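Heads up: the structure comes next, in structure tokens.
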Amino acid sequence: MKRTKSLVLDENENKAVQLFSELGMPKNLAKTLLYISQVDECRSADVEQGADLRQPEVSVAMQELRRRGWAKKRDEKKKGKGRPVHLYKLTSDLPEILKSFEKEKMKEVEDIKTDLDHLHKLISSIEQ
């Protein structure tokens, strides 16, 4: 039996996962994103092994990546009978995805600032 070397997240990628997570991205999504960014195309089983995730976590992360337009799925038929294999790849590179994530987070910051301004005004009017 031929053994292939599986990819795993390295120290810098794990630091990036941690930062994405601290910024509000679910950890399974961040791990999946970082794993897929390092390969051309992969199966969910590859992500499970390389990102140290369970199948349901990878499934949820893949759905979210596809919902955001960051990844796409391609089905490849196996020889003979059986279900096709789902292959995934990113639709944008990691720097573009980071810009999109940054834009989303900056919008959240602006919304918080607006809400705080309104709250300050309301509190001032209540105090008078």
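Please enumerate the residues belonging to segment 88-115 that are loosely packed, with under 12 Cβ neighbours inside 10 Å and aliphatic (A, V, I, L, M).
If the condition is that a residue be loosely packed, with under 12 Cβ neighbours inside 10 Å and aliphatic (A, V, I, L, M), then M106, V109, I112 are the ones that fit.
State the number of residues belonging to segment 4-33 that are among the aliphatic types (A, V, I, L, M) and without any contact (Cβ under 8 Å) to a residue 40 or more places away in the chain.
Of all residues in segment 4-33, those among the aliphatic types (A, V, I, L, M) come to 7-9, 16-17, 19, 23, 25, 29-30, 33.
Still in the list and also without any contact (Cβ under 8 Å) to a residue 40 or more places away in the chain: 16-17, 19, 29-30.
Residues in segment 4-33 being among the aliphatic types (A, V, I, L, M) and without any contact (Cβ under 8 Å) to a residue 40 or more places away in the chain: 5 in total.
I'd like the residue in segment 4-47 that is surrounded by 12 or more Cβ atoms within 10 Å (Cβ to Cβ) and of a type in the set (G, A, S) and, out of all such residues, is farthest from the chain's Cα centre (by Cα).
A45
Out of contact with any strand residue (DSSP E or B) (no Cβ under 7 Å at 6 or more places or on another chain), basic (K, R) and not in a loop (DSSP other than H, G, I, E, B): is that true of K73 in this structure?
Working: out of contact with any strand residue (DSSP E or B) (no Cβ under 7 Å at 6 or more places or on another chain): no; basic (K, R): yes; not in a loop (DSSP other than H, G, I, E, B): yes.
Against the criterion (out of contact with any strand residue (DSSP E or B) (no Cβ under 7 Å at 6 or more places or on another chain), basic (K, R) and not in a loop (DSSP other than H, G, I, E, B)), K73 does not qualify.
Based on what the data block shows, is R83 in the same structural domain as L9 (by TED's automatic domain parsing), touching a His at 6+ places or on another chain (Cβ under 8 Å), farther than 22 Å from N12 by Cα and outside any helix (DSSP H, G or I)? Steps first, please.
Values: in the same structural domain as L9 (by TED's automatic domain parsing): yes; touching a His at 6+ places or on another chain (Cβ under 8 Å): no; farther than 22 Å from N12 by Cα: yes; outside any helix (DSSP H, G or I): yes.
So R83 does not fit the description; no.
Residue by residue, here is whether (1) outside any helix (DSSP H, G or I); (2) of a type in the set (F, W, Y) holds:
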{"position": "L19", "(1), (2)": "no, no"}
{"position": "D46", "(1), (2)": "no, no"}
{"position": "G50", "(1), (2)": "no, no"}
{"position": "S59", "(1), (2)": "no, no"}
{"position": "M62", "(1), (2)": "no, no"}
{"position": "Y88", "(1), (2)": "yes, yes"}
{"position": "I97", "(1), (2)": "no, no"}
{"position": "F101", "(1), (2)": "no, yes"}
{"position": "D111", "(1), (2)": "no, no"}
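Which residues, counting only those in segment 5-17, are in a helix (DSSP H, G or I), among the polar types (S, T, N, Q) and over 21 Å from V60 (Cβ atoms)?
Our first condition is that a residue be in a helix (DSSP H, G or I); within segment 5-17, this holds for 11-17.
When the remaining residues are screened for being among the polar types (S, T, N, Q), the result is 12, 14.
The answer is N12, and nothing else.
Can you work out which of the residues in segment 52-77 that are of a type in the set (D, E, K, R) and under 14 Å from the mean Cα position of the chain (by Cα) is surrounded by the fewest Cβ atoms within 10 Å (Cβ to Cβ)?
Only one residue tops the list, namely R67.
The values are calculated or read from the model by the stated rules, or taken from the named source; none is laboratory data. Keep in mind that what you see is a predicted model, and the values were worked out from it rather than measured. Every residue, glycine as well, gets a Cβ built from its backbone with ideal geometry; the counts of neighbours run over all protein chains shown.
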